[in-house]
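Okay, so here's the structure we're looking at.
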Amino acid sequence: MKLYHDPFSAPARAVRCFLLDEGIAFDEQVIDLMSGDHLAEGYDAVNPNRQVPVLVDGAFRLTESATILKYLADKYQSPTYPHDLMARARINETMDWFNTGFLFNFAYCLVYTSILPEFTTMSVVSRSDIEHMGAVKSRRYLEVLDRHMLAGHDYLCGNDITIADYHGASLANMGTAVDFDFSRYPNVTAWLARMADRPGWEPSFAAFNGFVAAMRAEPERMKALLAAHP
Ligand SMILES: N[C@@H](CCC(=O)N[C@@H](CS)C(=O)NCC(=O)O)C(=O)O
């Protein structure tokens with residue numbers, strides 16, 4: 001089984017962290033997005049979307065992180081994706097929630113507007129509209145996450161960790177790239193700290209944390225570096 005990933009991809013970090021936590025053996029290949037490895041001839045045969053992560057299991061190939069997590073949890077009978085109908089529906093609902101509204105508003109409108117060249121090079125008018133949407137709408141999603149989804153228990157779907165936590169925490173953690181202040185959301189803060197204690201977290205997030213530290217130390221150099229990416 002082989003994982004194609006880039007340590008700078010949040011969905012890829014979620015999958016890699018899960019594989020390491022579960023002690024599942026896998027081969028890996030870094031597809032360096034900054035160098036344009038995903039645009040290289042031949043990578044479209046691995047993933048026609050030219051994205052990471054990709055999981056290849058024999059002749060079988062998956063290209064969506066949430067589906068990869070579900071597949072791995074089922075294949076290895078992990079308790080992080082229980083078979084009980086309602087427990088599973090709650091996990092699916094949580095992952096859909098992160099992949100739709102949360103991802104769009106928090107990642108695209110709030111985080112990416114500050115770091116990704118596709119956004120930072122936009123005209124100031126359109127960019128500020130998007131940033132406004134990111135700030136306002138993300139607040140609502142984070143309140144739901146904090147006051148409902150994480151209220152009264154340690155993980156998203158109860159007191160036991162599930163694949164939804166790997167998926168959601170990796171997406172929410174992207175806020176560190178823009179120094180997002182989570183202190184208004186104490187349950188989210190505690191949950192992210194809990195996830196950061198997982199054994200697979202440090203090896204999966206180290207490179208991204210290094211990038212965040214470099215962004216803080218040398219923002220202009222890092223922005224130029226990102227702007228040069230293909
Ligand atoms: N829905 C996909 C999203 C994958 C995705 O957006 N990957 C990004 C990195 S975070 C990528 O490979 N981007 C390269 C590109 O789109 O050119 C998933 O959850 O796996």
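Points worth noting:
- In the set V52, V15, V56, only one residue is part of a loop (DSSP other than H, G, I, E, B) and within 15 Å of the ligand (Cβ to nearest atom); that residue is V52.
- Residues in the range 59-86 that are in a helix (DSSP H, G or I) and among the hydroxyl-bearing types (S, T, Y): 3 in all.
- Some residue of the range 87-98 being assigned to a helix (DSSP H, G or I), more than 20 Å from the chain's Cα centre (by Cα) and loosely packed, with under 14 Cβ neighbours inside 10 Å: yes
- Counted residues, the range 210-230 - those being open to solvent by 70 Å² or more (accessible area, probe 1.4 Å) and assigned to a helix (DSSP H, G or I): 6
- Residues of the range 24-53 that turn out to be without any contact (Cβ under 8 Å) to a residue 40 or more places away in the chain, touching a Lys or Arg at 6+ places or on another chain (Cβ under 8 Å) and either more than 21 Å from F205 (Cβ to Cβ) or open to solvent by less than 70 Å² (accessible area, probe 1.4 Å) (or both), as a count: 4
- Identity of the residue in the range 99-123, in contact (Cβ under 8 Å) with a residue 12 or more places away in the chain and more than 20 Å from the chain's Cα centre (by Cα), that ends up least open to solvent (accessible area, probe 1.4 Å): T120
- With respect to the conditions (1) among the small types (G, A, S); (2) under 25 Å from I91 (Cβ atoms); (3) open to solvent by 60 Å² or more (accessible area, probe 1.4 Å), A59 lacks only one, and its number is (2).
- Considering only residues in the range 74-86 that are among the polar types (S, T, N, Q) and over 17 Å from M149 (Cβ atoms), the one that is most open to solvent (accessible area, probe 1.4 Å) turns out to be Q77.
For (1) modelled with pLDDT of 95 or more; (2) more than 16 Å from W97 (Cβ to Cβ); (3) aliphatic (A, V, I, L, M), each residue gets a yes or a no:
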{"site": "S128", "(1), (2), (3)": "no, yes, no"}
{"site": "L156", "(1), (2), (3)": "yes, no, yes"}
{"site": "G175", "(1), (2), (3)": "yes, yes, no"}
{"site": "T189", "(1), (2), (3)": "yes, yes, no"}
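- Selection of the range 116-130 for residues being within 22 Å of F8 (Cα to Cα) and part of a helix (DSSP H, G or I) yields P117, E118, F119, T120.
- Within the range 18-49, the set of residues being in a loop (DSSP other than H, G, I, E, B), near the ligand (Cβ under 10 Å from one of its atoms) and aliphatic (A, V, I, L, M) comprises just one member, I31.
- Screening Y71 on (1) without any contact (Cβ under 8 Å) to a residue 40 or more places away in the chain; (2) assigned by TED's automatic domain parsing to the domain that holds V178; (3) surrounded by 15 or more Cβ atoms within 10 Å (Cβ to Cβ) shows it passes everything except condition (2).
- Test result for E64, more than 14 Å from the ligand (Cβ to nearest atom), within 20 Å of the chain's Cα centre (by Cα), within 21 Å of F208 (Cβ to Cβ) and not assigned by TED's automatic domain parsing to the domain that holds E202: no
- Scanning the range 124-158 for residues that are hydroxyl-bearing (S, T, Y) and more than 19 Å from the chain's Cα centre (by Cα) returns S126, S128.
- H132 satisfies every condition listed in (1) open to solvent by 20 Å² or more (accessible area, probe 1.4 Å); (2) within 25 Å of L20 (Cα to Cα) except (2).
The values are calculated or read from the model by the stated rules, or taken from the named source; none is laboratory data. Fair warning: this is a prediction, and the values are worked out from it, not measured in the lab. Cβ: placed from backbone, ideal geometry, glycine included. Neighbour counts: every protein chain shown. Heavy atoms of the whole protein, side chains included, go into the accessibility calculation; ligands, DNA and RNA do not. Shrake-Rupley method; radii C 1.70, N 1.55, O 1.52, S 1.80 Å.
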